[in-house]
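The values are calculated or read from the model by the stated rules, or taken from the named source; none is laboratory data. The structure presented is a predicted model; accordingly, all values stated were derived computationally and were not measured. Cβ placement follows ideal geometry from the backbone for every residue including glycine, while neighbour counts extend to all protein chains displayed.
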Amino acid sequence: MSEMPTTLRFALPMLAVAQAQKAVTYKEALTLIDALDHAKVEGGPLNDRPAEPDAG
């Protein structure tokens, strides 16, 4: 089986001409986009103010 073409930046699967089961490839790409789009925040909001605010 030949290697499936992908996009350069995120390696999302691309549809090929005369490809069978295009819906599977499309759904896989949407799943990858969903995972890449939602960045995880490690630290929550801070309640403490800075000790010395910057001048300006």
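Some values worked out for this structure:
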{"item": "Region 36-56 residues that are part of a helix (DSSP H, G or I), paired with ones that are modelled with pLDDT of 75 or more and not charged (D, E, K, R) (beta carbon under 9 Å, 6 or more apart)", "result": "L36/F10; L36/L12"}
{"item": "Residue match in region 5-13 (condition: out of contact with any strand residue (DSSP E or B) (no Cβ under 7 Å at 6 or more places or on another chain), on the phi > 0 side of the Ramachandran plot and modelled with pLDDT of 85 or more)", "result": "no"}
